[in-house]
Amino acid sequence: MALTRADVEKVALLARLSLGEDEVELLTAQLGDIVRYVDQLAELNTEGVEPLAHAVELTNVFREDEVEASLPREDALASAPRQDGECYLVPAVLGE
Amino acid sequence: MSLVDASAAESLAELAAGRVSAVELTEACLAQIDAHDERVGAFLHVRREAALEEAAGIDRRRAAGESLGALAGLSVAIKDNMCLRGETTTCASRMLADFRPPYDATVVDRLRAADAVIIGKTNLDEFAMGGSTENSALGETRNPWDLGRAPGGSSGGSAAAVAARMVPLAVGSDTGGSIRQPAGLCGVTGMKPTYGRVSRRGLVAFASSLDQIGPLARTAEDAALLLEALAGHDPRDATSVPRKVPAYREGLAKPLKGLRVGIVPEQFAAGLDAQVEASVREGLRVLESLGATIREVALPHSAAGVATYYIIAPCEASSNLARYDGAHYGFRSESTEPTRDAHSREEDNPLVSMYRRTRAGGFGAEVKRRIMLGTYALSAGYYDAYYLKALRVRRLIRQDFDRAFAEVDLLAGPVTASSAFELGEKVDDPLAMYLVDLFTVGANLAGIPGISIPCGFDEGGLPIGLQLQAPPFEEECLLRAAHQFQTATDWHQRRPPL
């Protein structure tokens, strides 16, 4: 399936990337090549084959619901680009 | 023999006998780094003072008669996608250039418990995405055997550091061949263990169902030593397997008589470099001379491996890398200008613009390409055709291995179709770079262990690797075969002409 510029622009928004003009052009060509290559899978018969999401098919792993020490807030915030000692700060989404 | 030429096992014996100190060994590694790393570029960060301090502490404890860990006094390099508390952990990305994790990865905990000296963090393709280390945003790594060539990747820094004798041991991660391929191209021994054998906690996630941490060393014996220290159940990684860790080193001496080795004819077909083929076939004869029998087996879906991998890995990556949002840690674009394009208006707000500018500025081209590919394959209308389809083929690939391993104990073949390629040769052709992974992605998709060991050199003096693969949790068998191979050959002892 051929990939269009519009596809690339739409996916860039979904992926929360912003692409320059030249990047859109390059990615349209490169992703097109890669998608054409992976399209070979369509030729394989997988009827009745269960998907394998994990090589080691572990069932749910549980532990006792006990309170344990967790990362101190100070440590969790230490690497944040912007924070006020209590919260991560991000640009406002809602109006005044 | 100089200190840096000694294997880890040899150095341990010298340390135990008091003939060398941990400080002397660490100083020798640092001197080797000083002498060569300006040209090789294996390290992103060298912990000079901290390493010497750790070594001095080990020497003091040894002098006091305290019991010490299994790697006491040995220098180990760590790929820079594993968290080291309070110290830069960059993933070779601008996104994490200043990131200092608030905790140690479990493998770091284990190395510390084994009294290893952590000498520094090695270069990689950004977020481990790549096969040449050229996707690093923070430095260039060169192959110690030919400085004009790539060391392979993504654990290229770890492989180059071991090859250049800057460290006896290094830790890497392997999602589609990222330990075995650079080990092959740099002439060292590198192993991807069974999925779940080594905890991934603190390994910065790329493709969580494929990522696995493993050892790089110059000998299989040293790889066994390091794997024994790294492996084991971790309650904080729900995918780590609660299964006893064997004493890998103890089983190495057992002869290979009766070992059934399978080869896959397609791996020796067109596209395999003639010199690589000759060396790998010579390697098979060595295994035979050690008592192994060789027979052909089929992996009918192996040709679909790369296509399957390049759907699943980018899908998982696009999800994992969603965490880099400019809010919690890492790079953030401070531009307040809104992003504007045909599609952005519908969701245009300052937060979305911040995300998009941050991610555009923080990620390099290959990481963006994979995020885009994964997002596309997971998006509405394509999920079944790509992601779900790939998961079904993944099961077929796993079944191929299961059937093959009903007939043989190990599979043997090339690691890559050719020796180290030139820097820059494949950077503009992503698909050509992806196809380098042809022989290695199967083990990740199936979750089985694989090892790369040196089996020869081509006319240009570049190393050639032999890959051995085994059923899940048969690392012992892999290491034993690799060790026995190395008692009969000396390819692993050659030094690069630095």
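At-a-glance table
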read-out	value
Those helices (runs of 4 or more DSSP H) lying entirely in segment B:254-373 with at least 1 residues without any contact (Cβ under 8 Å) to a residue 12 or more places away in the chain	B:274-289, B:350-362
Within segment B:374-414, considering residues that are crowded, with 23+ Cβ neighbours inside 10 Å and of a type in the set (F, W, Y), the one nearest to the other protein chains (Cβ to nearest Cβ)	B:Y376
Residue within segment B:144-159 that is in contact with a strand residue (DSSP E or B) (Cβ under 8 Å, 6 or more places away or on another chain), over 21 Å from B:C91 (Cβ atoms) and surrounded by fewer than 24 Cβ atoms within 10 Å (Cβ to Cβ) present	yes
Residues being polar (S, T, N, Q), touching a helix residue (DSSP H, G or I) at 6+ places or on another chain (Cβ under 6 Å) and not in a loop (DSSP other than H, G, I, E, B) - total across segment B:94-126	1
Matching option when the condition is within 19 Å of B:A161 (Cα to Cα) and in the same structural domain as B:L111 (by TED's automatic domain parsing), among B:L15, B:L30	B:L30
Filtered residues of segment A:9-56 (kept if over 30 Å from B:S333 (Cα atoms), among the charged types (D, E, K, R) and either part of a helix (DSSP H, G or I) or in contact (Cβ under 8 Å) with a residue 24 or more places away in the chain (or both))	A:D33, A:R36, A:D39, A:E43
Residue match in segment A:47-54 (condition: more than 8 Å from every other protein chain (Cβ to nearest Cβ) and either modelled with pLDDT of 95 or more or touching a Gly at 6+ places or on another chain (Cβ under 7 Å) (or both))	yes
Single residue of B:V306, B:V393, B:V352, B:V367 found to be touching a His at 6+ places or on another chain (Cβ under 7 Å) and not assigned by TED's automatic domain parsing to the domain that holds B:S132	B:V393
Odd one out for B:V297, checked against (1) within 28 Å of the chain's Cα centre (by Cα); (2) β-branched (V, I, T); (3) surrounded by fewer than 16 Cβ atoms within 10 Å (Cβ to Cβ)	(3)
Qualifying residue in segment B:63-78 (condition: buried (at least 18 other Cβ atoms within 10 Å of the Cβ) and either among the charged types (D, E, K, R) or within 14 Å of chain A (Cβ to nearest Cβ) (or both))	no
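The values are calculated or read from the model by the stated rules, or taken from the named source; none is laboratory data. Just so it is clear, the structure is predicted and the values come from calculations on it, not from any experiment. Cβ coordinates were reconstructed from backbone atoms using ideal geometry, including for glycine residues, and neighbour counts include every protein chain displayed.
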